[in-house]
Amino acid sequence: MSVVAQFEEGLGHAASEYKAAFDAARDEPALRAANARYTGPSGIVTKLLKLMPELPKEQRRELGQRANRLKEEIESELAARLASLAHAQRAAELSGPALDVTLPGYGVRAGHAHPLTRVKHELLDLFAGLGFDIAEGPEVDLHENNFDRLGFPPDHPATDMQDTFFMQQPPGVSPRATLLRTHTSTVQVREMLRRKPPLAVVSAGAVFRRDDDVTHSPMFMQLEGFMVDEGVSFAHLKGVLTHFLRRLFGQNVPVRFRPSYFPFVEPGGEVDVGCTICRSWELGPRECRVCKNTGFMEILGCGMIHPVVFEHVGYDPERFTGFAFGMGLDRVAMLRYGIAEVGLLYGNDVRFLAQL
Ligand SMILES: [Zn+2]
């Protein structure tokens, strides 16, 4: 077949077929694909136009014009069909169900700090507002800072291997030289060694004990505070702690001081607040397994710093007095958020934590 016949046959096929191909296309991608078969880079009409240099001179002009006309015709048909598709789509949107763009969208749920961390920050903030400095100490500390300088006698049961996690030591070093601190009172010792009165300091962090049963966790969070100056009395202790507890649990919560013993205070006491789970002080006596129906929960330990502690850190016990207090943050978090099981705070169950 001659090139001219080939060219004419190609033009004839393209001209008679392309409308049917466009008719079969139901959407824009199909329409564009159909169009590409004719005027795309390897489409039929494009290929014919590339054949033009091989056509005899006398027919080249006429055949070329026909091919170009067909190409223009196909392109304008495509544009018309695209416009009609868009129009039909818009009409379908307008006649379809209404889309209420004022409905709230699906938000991304942000995480939040663990309730223990939040309680810690809240408590530190409260004491900072009372003028206390915030201090930090290491979780691994010296036996001296954890026990000796606080007045623990060498045979105190707390210093026993059964109760405390001691760090492994190189040969020749006492096996009890360093340990995971058993309370945040180590920060009290460190700050008093470093600074001179007047002092008001608060510190919070993880502490470690070997207790491991259903009601105890080997790691828990504690907050500790102390104030030292000339003339600090038990009245200051009661005033600061009562103010603090009422800021935390509400102005009408009952606060009760009871005598108790800790090696590093004299006198020492424990403080109870009304149980915020049963709120029996306002709702009357109720069954409550958190406070065991007493209506009170022990919240913190406190006392006047023992003179022996001042001697160990180089303060004159005749001149300075001070008070100290410590509490478990898990207990505060339980009362604050009304949680009846301490284990929930350490279980890392997002279904529970997301509710707080
Ligand atoms: Zn209760």
Between the Cα axis of helix 234-249 and the main Cα principal axis of the chain, the angle (0 to 90°, nearest 10) is 30 degrees
Using a Förster distance of 35 Å, the FRET efficiency for residue 144-residue 230 (Cβ separation, nearest 0.05): 0.85
Would you list 184, 321, 242 from fewest to most Cβ contacts within 10 Å? 242, 321, 184
Assertion target for 304, 334, ordered by fewest C-beta neighbours within 10 angstrom first, is 304, 334
Can you list the lysines whose alpha carbon is less than 23 Å from that of residue 57, not counting same-chain residues fewer than 8 positions off? 47, 71
Going by alpha carbons, how many degrees (0 to 90, nearest 10) lie between the helix axis of 185-194 and the longest principal axis of the chain? 80 degrees
State the Cα centre-to-centre distance between segment 199-265 and segment 11-27 in whole Å. 87 Å
Have a look at 278, 76, 263 and report the one farthest towards the positive end of the charge dipole of the chain, computed about the Cα centre with Cβ charges (Lys/Arg +1, Asp/Glu -1). 76
Run the quick spin-label model on residue 109 and residue 169: label points 7 Å from Cα toward the beta carbon, then report their separation in nm to one decimal. 5.0 nm
Grab the Cα-Cα distance for residue 348 and residue 257, subtract it from 0.36 nm times how many residues apart they are, and report the gain in nm with one decimal. 29.4 nm
Quick one: order 339, 134, 299 by neighbouring beta-carbon count within 10 Å, fewest to most. 134, 339, 299
Helix 57-95 against the longest principal axis of the chain: what's the angle in degrees, Cα atoms only, rounded to the nearest 10? 40 degrees
Loop-resident chymotrypsin sites (Phe, Trp or Tyr not before Pro) in segment 1-106 with no more than 12 other Cβ atoms inside 10 Å, DSSP not H/G/I/E/B, are 106
Computed E for residue 219/residue 88 - FRET, C-beta separation, R0 45 angstrom, nearest 0.05: 0.10
Relative contact order for segment 36-168 using alpha-carbon pairs under 8 Å, separation at least 6, rounded to a whole percent? 10 percent
Go ahead and set up a Gaussian network model of the chain, Cα springs under 10 Å, then flag whichever of 149, 319, 60 fluctuates most. 60
Binning every alpha carbon pair distance of segment 115-353 at 5 Å from zero, what are the percents per bin? 1, 6, 13, 17, 19, 17, 13, 8, 4, 1, 0, 0, 0
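Values in this text are rule-based calculations from the coordinates and carry no lab data. Only a predicted model underlies this, so the values are computations on that prediction, with no experimental measurement involved. All Cβ positions, even for glycine, are placed from backbone atoms using ideal geometry, and neighbour counts span all protein chains on display.
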